[in-house]
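Report on the following structure.
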Amino acid sequence: MLNVIVEDALSDTVMRKLLLHVGFKREPTVRIMRGNGNIRAGMRKFAEASRVFPHIVLTDLDKLPCPPALFQQWAIRNVPETMLFRVAVHEVESWLMADREAFAAYLSVALKKVPSEPDTEIDTKQSLFSVVRSCKKSRLRSEILPTPGSHIGPLYNEHFSRFAKEFWRVDVAAENSPSLARSLDRITDFCRGVANV
């Protein structure tokens, strides 16, 4: 049994895709924590629980400068071997945009509109919204772009979860996202070792 801790529904979809990609054949137990504040608050509990069942914890870096800064802010010193803690730079959307050709095709935008180095985009969602605004399909824009009182559009997670499941090429994205490449290597080793693919 493998427990996976993520921030939101999109991170859930991304982690499931990554686990399939590395050959993990069992269904993980996924907990959606609704924000990294809840993940931070639960880190000690996850570490203890991982001694019974292995855990993978994924959170976004957001606007912090680097993963070590997040480790320092969260006062993380020792992570047990039975828990893998990964940080998406700067958000899991960066990993999705790293498959630039597929991302551009999904949104029907020119390739040049998609950031060439998505890991360097400090405000990933704003960069993504900038890409979406160039989409000529008004329906997609209305479903993805933020609405009054919300930080995302009504079908934001549905659209990008579908993209992740059906169109996202993990290997291609890893070539353009050092953050994803590192996480993919660590997930592969973790699953082959502690989680036993």
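Can you figure out the FRET efficiency of Glu175 with Lys137, using R₀ = 45 Å and their beta-carbon distance, to the nearest 0.05? For R0 = 45 Å, the calculated efficiency reads 0.95.
In this simple spin-label model, placing a label point 7 Å from the Cα along the Cα-to-Cβ direction at both Ser130 and Ala41 gives a separation of 3.4 nm.
With viscosity 0.890 mPa s and temperature 25 °C, the Kirkwood radius over alpha carbon pairs of the range 1-106 converts through Stokes-Einstein to a diffusion coefficient of 170 µm²/s.
Computed over the Cα atoms of the chain, the ratio of the radius of gyration to the Kirkwood radius (Rg/Rh) comes to 0.96. In order along the range 35-52, phi translates into HN-Hα couplings of x, 6, x, 6, 5, 4, 5, x, 4, 5, 5, 5, 4, 5, 5, 5, 6, 9 Hz, rounded to whole numbers, per the Karplus curve 6.51 cos²θ - 1.76 cosθ + 1.60 with θ = phi - 60° and x for Gly and Pro.
Residue by residue, the range 179-192 carries 3J(HN,Hα) couplings of 4, 5, 4, 5, 5, 4, 4, 5, 5, 4, 5, 5, 5, 6 Hz when phi is fed to the Karplus relation 6.51 cos²θ - 1.76 cosθ + 1.60 (θ = phi - 60°); x denotes Gly or Pro. Counting Lys and Arg as +1 and Asp and Glu as -1 over every other residue whose Cβ lies under 13 Å from the Cβ of Lys25, the net charge comes to +2. Top mean-square fluctuation among Asp62, Asp119, Asp171, Gaussian network model of the chain, C-alpha springs under 10 Å? Per the Cα network of the chain with a 10 Å cutoff, Asp171 tops the list.
Whats the longest run of the chain with zero trypsin sites (Lys or Arg not before Pro) that are DSSP loop and have at most 16 other Cβ atoms within 10 Å? It runs 78-135. Using the structure shown, list the pairs from Lys25/Lys165; Lys113/Lys137; Lys17/Lys45; Lys17/Lys113; Lys25/Lys45; Lys25/Lys125 with a Cα-Cα distance above 23 Å, or answer none. Among Lys25/Lys165; Lys113/Lys137; Lys17/Lys45; Lys17/Lys113; Lys25/Lys45; Lys25/Lys125, the Cα-Cα distance tops 23 Å for Lys17/Lys45; Lys17/Lys113; Lys25/Lys45; Lys25/Lys125. Normalised by residue number, the volume inside the convex hull of the Cα atoms of the range 45-118 is 109 Å³ per residue.
Throughout, read-outs are computed from the coordinates displayed, never taken from laboratory work. Values in this document were obtained by computation on a predicted structure and should not be read as measured data. Virtual Cβ from ideal backbone geometry, glycine too; neighbours counted across all protein chains shown.
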